[in-house]
Amino acid sequence: MAHDLVILGPHAPTGPASGSATQSADARLCVPQAAIRALVPNGAIEMSQGVARVRGVVDTPALRAAMEVFGQVHGVDAVLVDSARRLTDFKLVAMDMDSTLITIECIDEIADYCGLKAEVSAITEAAMRGEIKDFNESLTRRVALLKGLDASALEKVYETRLQLSPGAQTMLRGVQALGIRTLLVSGGFTFFTERLKTRLNLDVTRANTLEIVDGKLTGRVLGEIVNAEVKARTVAEVAAQFGATPAQAIVMGDGSNDLQMMAIAGLSVAFRAKPVVREKASVAFNYAGLDGVLSLFAKD
């Protein structure tokens, strides 16, 4: 299989009056061509919109190791993709929410309103690193700590703390313009996914429902917990709903509970992810924004 080596620079916001639905915001790539040539001596280097592409690259362990060092030295993402693929080959983009589509972990920010952010964040981090194997247990423990909190804290988190990750809106506009459907599947909460669905014109969302009684959180989750297995099952079901297979899905995530849905995808993207996720993903974005996806594949 022939590969393209794609080098993406750090995310550079386009601003409200610039950029387009199909243009990546990764517009600054300050890497000398001589450095790229040292990484891959053969092949023509193509530069477009701040993205470097070298076609017909042979994937080897030595190249992978060199790419990792290259990325760290230059502060860029160097990834390999199938030369024959095009973005239009995909029919679904599925995303995790917390620390992927958005910059925060919602449950940690909710916990801040009852003075328990440190305790909850510690459990969240351990779960995302894969140190706590039972996601259901970790979520149940964290939600239990929120018992008695006024439900208005959820709105405060959404209004004052929730921010989209770099390149999120550009990425979504780009894939939606191509007719690719979108899924937000989260181990977080429906309070946030439903608002993001409306805000970003997403096709399908799935998350956990916090029980609220008399305006207070009860410390419980209603119904089936959306864990790693449920996430993978949801990706498969939603892909089928739109006449596609998981192999026609791009799945983005950052934590260990995303690994199962990433494993069934045709392309998995680790975004600012934990080491265990970066190691197993098709590509990892440590510097590029989510809209780097729009630049992965050649247009011709």
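Read the figures in this text as sums done on the coordinates, not as results from a lab. Predicted, not measured: the structure shown is a model, and the values here were computed from it. Cβ atoms come from the backbone with ideal geometry, glycine included; neighbour counts cover every protein chain shown.
Numbers at a glance
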read-out	value
Euclidean distance between Cα centres, the range 47-122 to the range 189-238, Å	23 Å
Acute angle (nearest 10 degrees) that the helix 190-200 long axis makes with the longest principal axis of the chain, alpha-carbon atoms	40 degrees
Förster radius 35 Å - calculated FRET efficiency between GLU131 and SER152, Cβ distance, rounded to 0.05	0.60
Neighbour count of at most 13 Cβ within 10 Å plus DSSP loop: longest GluC sites (Glu not before Pro)-free window in the chain	1-130
C-alpha long axis of helix 168-177 to longest principal axis of the chain, angle in °	70 degrees
The range 87-300, relative contact order [Cα under 8 Å, separation at least 6], %	26 percent
Among the listed pairs LYS91/LYS156; LYS197/LYS231; LYS133/LYS274, those beyond 24 Å (Cα-Cα)	LYS91/LYS156
With Cα atoms, 0 to 90° folded angle of helix 135-144 axis to the chain main axis	50 degrees
